[in-house]
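The values are calculated or read from the model by the stated rules, or taken from the named source; none is laboratory data. Everything numeric in this text was worked out from a predicted model, so none of it was measured. Here Cβ is always computed from backbone atoms with ideal geometry, including for glycine, and neighbour counts include all displayed protein chains. Note: accessible area is taken over every heavy atom of the protein model, side chains too, but ligands, DNA and RNA are not part of it. Shrake-Rupley method; radii C 1.70, N 1.55, O 1.52, S 1.80 Å.
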Amino acid sequence: MSALAEILFGGLFQGSLYAMMAVGLALVWTTIGVFNFSHGVFMMLGAYIAWQLVELGLPAMIAFPIAVVVMAGVGWILQASVVRPLIGRPNIVLVVVITTLAAGSLIENGALTIWGPRSKQIPALIAGNTTIGGVGVSLHQIAIIVITPLILAALWMFLNRTRLGLALRAVAQNEDASHLVGLNVTALYGLAFAIAASLAGLAGIFMGGYRFMSPVMGSDPLLKALIVVVFGGISSISGPIFAAYLIGFFEAACSYYFGLYWTPALLFGVLILTLMVRPEGIFASRSRGLA
Amino acid sequence: MNPILSVEGVTAGYGRVTVLHDISLEAGRFGNVGLFGPNGHGKTTLLRAISGLLQPKSGRILFDGQDIVGHSARAIVGAGLIHVPQGNRLFPDLSIADCMALGAYSPRARPHEAENREKVVRLFPKLAERWRQRVRTLSGGERQMVSIGTALMSHPRLLILDEPTLGLAPKIKDELCASVMDISRGGVPLIVVEQDIEFLLELTQQLYLVNHGAVATEIKPGESLDHGEIMSMYFGH
């Protein structure tokens with residue numbers, strides 16, 4: 001019983017974090033058709049901005065939303081500076097991999113210079129612990145498990161039930177046709193990056209509440225998010241969400257039965273198998289598009 | 001009557017390749033305009049330049065007396081110049097309803113959304129039956145109806161159609177021709193690019209033969225031409 005509870009809980013928790021990260025990557029890919037390799041750095045920056053605001057004396061419940069909003073601005077600026085000028089180039093995917101990697105490295109080292117290498121921690125969303133099914137868990141983790149699906153559902157509602165969301169989905173499918181119905185394509189690109197960066201920043205705040213933060217804290221989650229989107233299929237946002245939870249459960253089960261040491265190897269084994277059998281991802285349809 | 005659109009000495013192309021060489025033409029003076037000519041001679045490029053998808057290297061494009069060169073595609077749509085691109089690719093994973101909502105995205109079209117939607121449904125009753133269906137699941141003819149319907153939702157003052165009958169069966173072509181005629185009778189001037197000369201002769205009053213990126217021949221109303229003469233223009237003498 002406690003084994004099952006532990007796997008279930010660990011899977012839900014890791015899956016939530018992966019889903020928050022992966023959805024942003026998928027959103028940027030479906031709308032703009034590029035991979036954002038500074039996505040992990042967004043996560044780190046969100047956590048550090050939140051830490052700084054708390055350090056300045058703001059209560060966490062005010063500092064966190066501000067950090068998320070600031071991250072939206074950061075995402076927009078990054079898009080305008082290293083992505084937008086390259087749009088229309090024939091080899092844009094590769095070029096943007098390099099420019100976003102470069103920008104990410106710059107921001108990472110900037111954070112190191114400003115905040116130093118010493119590990120930091122931000123306050124938990126809810127302090128305290130409890131026991132469920134014989135497993136001791138923190139309320140912070142439970143909060144993440146509850147909040148993440150709500151945020152993902154809100155994102156889904158935004159994409160599927162609002163006019164602006166409809167415009168984002170349209171840009172994802174056909175850029176020329178979007179111009180011809182009068183959509184502001186550049187602004188929508190900026191919006192996609194802004195939403196992705198906010199979600200990454202929020203994931204960073206979640207993570208900084210239970211683990212020590214460092215300027216390189218985003219690189220492992222970025223790698224995991226990449227695995228999630230490759231695994232789940234990049235062509236939609238629901239695919240990566242399901243894949244995120246699936247991988248969360250897989251990791252939780254692996255580390256319970258085989259230990260933390262073997263988990264990455266097994267995960268990559270599954271990824272390679274997936275790519276061999278279904279290169280487009282398990283939940284993917286064959287076209288690009290949101291929702 | 002003043003032309004609603006006049007293209008004056010436009011040169012345009014992609015990168016170092018120039019496709020349009022100092023092309024000039026007018027639309028709206030004598031009713032609908034048809035463009036025809038061999039593939040790869042700049043018709044689609046001209047339409048892309050007019051709708052702001054491509055920046056001309058030189059020349060002026062006047063819409064309703066205002067130079068729109070350098071304006072964004074969004075501003076041009078906002079002014080009521082609506083371009084239905086070739087190949088009805090549209091938004092494959094959106095529903096017809098979604099496409100219609102997108103058509104009415106510009107602030108100019110938004111107040112007329114309900115009225116235009118009724119117009120589209122009246123014109124293409126088939127679309128109403130499949131209102132929630134994804135565009136990719138529709139037939140070629142239906143997709144073309146969605147393309148034109150989306151354009152009508154944008155409340156056009158000038159409608160540009162790029163090869164609307166491409167790849168359609170003859171029966172569907174005739175239906176589409178009748179619908180486009182209805183649109184024209186409703187007071188929207190048209191520019192139509194078409195390979196099907198019969199279609200053009202039926203719909204338009206003024207014809208331009210576009211060849212090598214320039215206007216080779218202009219056929220004004222009254223200068224009636226028969227099919228054979230046009231064919232000989234097409235293929236050289």
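Listed values, structure above:
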| read-out | value |
| --- | --- |
| Label point 7 Å beyond Cα of B:GLN195 along Cβ direction - residues of segment B:7-44 with amide nitrogen under 12 Å | B:37-40 |
| Cβ crowding within 10 Å averaged over residues, with A:35-46, B:121-132 ranked highest first | A:35-46, B:121-132 |
| Where labels lie 7 Å past Cα in the beta-carbon direction, separation of A:ILE77 and B:LYS171 in nm | 6.2 nm |
| Listed peptides A:129-139, B:92-102 by packing density, highest first (mean Cβ within 10 Å) | B:92-102, A:129-139 |
| Share of carbon and sulfur in the accessible heavy-atom surface of the protein assembly as shown [1.4 Å probe, %] | 62 percent |
| Packing rank of A:208-219, B:194-205, where each peptide gets the mean count of other beta carbons within 10 Å, highest leading | A:208-219, B:194-205 |
| Accessible area in square angstrom per residue, chain A, 1.4 angstrom probe | 42 Å² |
| Mean Cα-pair separation over length for segment B:1-58, i.e. relative contact order, pairs under 8 Å, 6 or more apart, % | 38 percent |
| Segment A:2-277, relative contact order in percent, only Cα pairs under 8 angstrom and at least six apart counted | 41 percent |
| Extension gain, A:LEU94 back to A:LEU223 (0.36 nm per residue minus Cα-Cα distance, nm) | 44.7 nm |
| Chain B - percent relative contact order, Cα under 8 Å, separation 6 or more | 27 percent |
| Peptide B:97-104 - average C-beta neighbours from other chains (10 Å radius) | 4 |
| Selected from B:SER232, A:GLY128, B:ALA104, residue furthest toward positive end of dipole (the protein assembly as shown; charges at beta carbon) | A:GLY128 |
| Label-to-label distance, nm, for residues given as B:THR18 and A:VAL69 (7 Å Cα→Cβ offset) | 5.3 nm |
| Buried area at the A-B interface (accessible, heavy atoms, 1.4 Å probe, summed, Å²) | 1900 Å² |
| Lys, Arg +1 and Asp, Glu -1 on Cβ, resulting dipole of chain B about Cα centre, debye, nearest 20 | 900 debye |
| For residues of B:72-79, the mean tally of beta carbons on other chains within 10 Å | 4 |
| Solvent-accessible area of B:SER179 with every protein chain in place, 1.4 Å probe, in Å² to the nearest 10 | 20 Å² |
| Cα gyration tensor shape for the protein assembly as shown, rounded if a/c is under 1.5, else prolate or oblate | prolate |
| Structure-based [θ]222 nm, the protein assembly as shown - -39500 (n - 2.57) summed over DSSP H runs of at least 4, per residue, nearest 500 | -17500 deg cm²/dmol |
| Cα-Cα over 27 Å, subset of B:LYS43/B:LYS119; B:LYS119/B:LYS173; B:LYS43/B:LYS220; B:LYS57/B:LYS119; B:LYS57/B:LYS173; B:LYS119/B:LYS171 | B:LYS43/B:LYS119; B:LYS57/B:LYS119; B:LYS57/B:LYS173 |
| Inter-label distance for B:VAL121 and A:THR162, nm, one decimal - labels placed 7 Å from Cα along Cα-to-Cβ | 2.7 nm |
| Segment A:44-191 shape via C-alpha gyration tensor axes, a/c threshold 1.5 | oblate |
| Nearest-20 debye value, segment A:2-277 charge dipole, Cβ charges on Lys, Arg, Asp, Glu | 260 debye |
| Selection from A:LEU166, A:ILE227, A:LEU246 lying farthest towards where the dipole of segment A:2-277 points positive, charges on Cβ | A:LEU166 |
